[in-house]
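Structure first, commentary second.
The values are calculated or read from the model by the stated rules, or taken from the named source; none is laboratory data. Because the structure is predicted, anything quoted here is derived from the model rather than measured. All Cβ positions, glycine included, derive from the backbone under ideal geometry; neighbour counts span all protein chains shown. Calculation scope for accessible area: heavy atoms of the full protein, side chains included, ligands and nucleic acids excluded. Shrake-Rupley method; radii C 1.70, N 1.55, O 1.52, S 1.80 Å.
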Amino acid sequence: MEFIKDLNGGFSVIENLMVSGAREGKFGVAIIYSPNSTASAVFTSNKVVAAPVNYTRNVLKKGIISAVFINSGNANCFTGEQGFKDCETLVGLVSTELNVPKDEIAISSTGVIGREMPIGTISKVAYESLSRLGNNPENSMDAAKAIMTTDTFPKECAIEVTLTTGEIVKIAGITKGSGMIAPNMGTMLSFIVTDAVISSNEINKALKKSADVSFNMIVVDGDESTNDTCLMMANGTSNVKVVNKGKLDPNFQEALNYICIDLAKKMARDGEGATKFIEANVRGAKNETDAKLAAKSIISSNLFKSAVFGGDPNWGRIVSAIGYSGCDLNPDTVTIAIADDSDDVDLVCDGKILAFDNTPNLKRAEKIMQSENVKVNIDMHLGDGEATAWGCDLTYDYVKINAEYTT
């Protein structure tokens with residue numbers, strides 16, 4: 001897309017925005033400070049919801065966020081009344097230090113569920129983070145690192161988008177997520193800021209559309225978090241309106257999709273213990289809903305994810321996953337192919353099996369399955385529905401990481 005330009009520096013590309021991050025052991029705190037920004041968010045649909053999710057939902061009713069407090073190391077979930085009090089304590093700390101109204105401060109947490117917040121330690125790290133607030137690439141990277149838990153690398157993205165009017169705005173974001181990922185709203189934790197002028201209601205509409213094609217289309221392990229939050233702020237420093245005559249500029253929506261997909265793919269690639277990245281592309285489905293069902297079912301299948309880890313081109317696991325996904329499927333017309341960055345081979349074409357013992361197709365498939373990037377391409381030949389989902393392989397290390405998560 002020629003109207004989107006990748007930028008370096010993460011949040012530092014946005015004016016009137018300060019960020020920071022600090023850690024002490026497994027506990028980290030990131031601060032995002034952008035006064036009087038319009039904002040909205042999407043959250044987990046898990047019925048067990050963390051205290052900071054409920055707290056931030058209430059704050060967002062005003063539609064204005066000036067600061068965000070994010071901590072790692074403790075989810076502050078299933079912590080009862082004390083959990084909500086801890087949110088108030090930490091928000092109060094930020095309010096005092098930044099001279100920002102409490103009802104304009106969002107809070108988000110990630111980490112172990114069912115443990116009370118070590119409020120003393122978190123507060124100490126919070127003060128350290130607040131003392132480092134700034135607007136340079138290092139500040140943005142510190143924030144991305146501070147919110148990591150089992151992540152192996154920090155995740156950020158920044159872009160510049162030229163609107164259909166010729167005007168330019170910027171969007172930047174950070175995210176964290178490596179395990180307990182099967183988002184049904186947004187992601188583990190993701191924070192996006194734009195310098196565009198846009199209302200909180202319009203942010204919500206645009207963010208939901210972007211989440212549906214990005215964060216809601218990744219699966220690492222099929223477990224949906226209690227803390228999932230994707231929050232977006234707009235500080236308006238560009239003075240460029242992206243909604244005109246009641247319509248959102250389509251280039252802005254595409255740009256928001258782009259940054260959300262980029263962040264989502266980075267989470268899938270960093271799946272706990274992962275050695276390979278999986279992309280499932282479905283076309284020719286009866287409709288978009290069916291395409292999404294099929295694509296997510298493929299990358300959710302533990303049997304297929306294990307096959308990818310072992311380099312086994314067991315396409316029967318692919319067709320089985322599509323079959324139980326709930327989408328319409330005609331086995332006599334489906335085409336199944338796998339690919340990497342240099343080769344693409346059909347395993348089944350229009351229902352006809354091409355990859356069986358000692359065939360050239362199977363040998364090529366075996367080589368492809370050794371690659372770090374494995375694509376599954378499906379054509380259902382039933383309609384015009386299309387969708388893409390992303391995931392990773394299932395490895396021994398995934399079990400090891402999660403067997404020792406709280407010890």
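Annotations for the structure displayed:
- Residues in the range 353-400 that are part of a helix (DSSP H, G or I) and either of a type in the set (D, E) or not assigned by the TED database to the domain that holds E288 (or both): E366, D397.
- Taken over the range 87-126, the residue count meeting the criterion of being more than 23 Å from F43 (Cα to Cα) and hydroxyl-bearing (S, T, Y) is 4.
- Residue identified as free of Cβ contacts under 8 Å to residues at least 24 places away in the same chain and small (G, A, S) among G173, G166, G111, G83: G166
- Residue in the range 97-106 that is surrounded by fewer than 23 Cβ atoms within 10 Å (Cβ to Cβ), of a type in the set (V, I, T) and over 25 Å from the mean Cα position of the chain (by Cα) present: yes
- M233 satisfies every condition listed in (1) aliphatic (A, V, I, L, M); (2) in contact (Cβ under 8 Å) with a residue 40 or more places away in the chain; (3) over 23 Å from K145 (Cβ atoms) except (3).
- Options K265, K296, K305; residue that is under 21 Å from A355 (Cβ atoms), modelled with pLDDT under 95 and assigned to a helix (DSSP H, G or I): K305
- The lone exception for L293 - which of (1) open to solvent by less than 50 Å² (accessible area, probe 1.4 Å); (2) within 23 Å of the chain's Cα centre (by Cα) it fails: (1)
- One residue stands out among those in the range 1-54 that are more than 17 Å from N139 (Cα to Cα) and among the small types (G, A, S): the one that is modelled with the lowest pLDDT, which is S45.
- Residue among K266, K286 that is open to solvent by 10 Å² or more (accessible area, probe 1.4 Å), touching a Gly at 6+ places or on another chain (Cβ under 9 Å) and either among the aliphatic types (A, V, I, L, M) or not assigned by the TED database to the domain that holds D357 (or both): K266
- Residue in the range 245-259 that is in contact (Cβ under 8 Å) with a residue 12 or more places away in the chain, open to solvent by 20 Å² or more (accessible area, probe 1.4 Å) and basic (K, R) present: no
- From the list F43, F3, F27, the one residue that fits, being farther than 24 Å from D212 by Cβ, touching a residue at least 24 places away in the same chain (Cβ under 8 Å) and not aliphatic (A, V, I, L, M), is F27.
- Matching residues, the range 132-167, being assigned to a strand (DSSP E or B), under 17 Å from D262 (Cα atoms) and of a type outside the set (V, I, T): K155, E156, C157, A158, E160
- Test: G273 is among the small types (G, A, S) and either more than 25 Å from the chain's Cα centre (by Cα) or at pLDDT 95 or above (or both): no
- With respect to the conditions (1) at pLDDT 95 or above; (2) acidic (D, E); (3) open to solvent by less than 40 Å² (accessible area, probe 1.4 Å), D328 falls short on a single one, namely (3).
- Residue count for the range 51-102, restricted to those that are part of a strand (DSSP E or B) and within 26 Å of N235 (Cα to Cα): 9.
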